[in-house]
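The structure appears below as structure tokens.
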Amino acid sequence: MAVEATERPPASAPRGRSVLGYRAGRERPAGGLELWSWLFMRVSGVVLLFLAVGHVLIMHVFDEGIDRVDFAFVQMRWQNPLWRSWDWALLSLGLLHGVNGMRVVVQDYVKTPGWRFAANMFFFTLGFLLFVLGSIVVFTFDPGAWPSS
């Protein structure tokens, strides 16, 4: 009867790689744009967690819940610059975080340079257009121009 032995990785195996050459996960970048992108994802993720959880609690849980959220509520809420800033920060960080995440996914899975460039440009353009549209809405909305309900 034969006994199979399993291979054990040597103690000096490089971090982030397995013995057989397959990637075990992303390594922390050494420097340049990739390092700043990596750091941005971590910091923006923590800030987005605070902003998104705060948004959900304030808009959908506290007081009367979602029953109070209508156009008049947003009209009243956006009279305060704090809430406009909060919503714009949520929009900005969410879009930047998402586009940067898609850039990393494209970098990992799209191997052909031409397709990688095209996919990245698609996500950059879409993110930019949504950012501009959302910013226009947040900064040009005039609560006084609408009749109050």
Legend entry - Residues of segment 105-149 satisfying the condition of being under 30 Å from E27 (Cβ atoms), among the polar types (S, T, N, Q) and exposed (fewer than 11 other Cβ atoms within 10 Å of the Cβ): T112
Inset, instruction - Go over the candidates R77, R68 one by one and state the one that is open to solvent by less than 70 Å² (accessible area, probe 1.4 Å), at pLDDT 85 or above, among the basic types (K, R) and closer than 27 Å to P147 by Cβ. - result: R77
Legend entry - Among residues of segment 43-78, those that are hydrophobic (A, V, I, L, M, F, W, C) and in contact with a Pro (Cβ under 6 Å, 6 or more places away or on another chain), counted: 1
Inset, instruction - Only residues in segment 117-135 that are over 13 Å from Q107 (Cβ atoms) count as the first member; pair them with residues that are surrounded by 15 or more Cβ atoms within 10 Å (Cβ to Cβ) and of a type in the set (F, W, Y), Cβ under 8 angstrom, at least 6 apart or cross-chain, and list the lot. - result: G134/W88; S135/W88
Inset, instruction - State all residues of segment 15-53 that are surrounded by fewer than 10 Cβ atoms within 10 Å (Cβ to Cβ) and modelled with pLDDT under 70; if no residue qualifies, say none. - result: R15, L20, G21, Y22, G25
Inset, instruction - Determine if segment 54-61 includes at least one residue that is closer than 19 Å to L130 by Cβ and either without any contact (Cβ under 8 Å) to a residue 12 or more places away in the chain or not acidic (D, E) (or both). - result: yes
Inset, instruction - Kindly provide the set of residues from segment 30-53 that are aliphatic (A, V, I, L, M) and in contact (Cβ under 8 Å) with a residue 60 or more places away in the chain, ordered by number. - result: M41
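The values are calculated or read from the model by the stated rules, or taken from the named source; none is laboratory data. Everything numeric here is computed off the predicted structure, so don't read it as measured data. Glycine gets a Cβ as well: all are built from the backbone with ideal geometry, and neighbour counts include every protein chain shown. Surface areas here come from the heavy atoms of the whole protein model, side chains and all, with no ligands, DNA or RNA. Shrake-Rupley method; radii C 1.70, N 1.55, O 1.52, S 1.80 Å.
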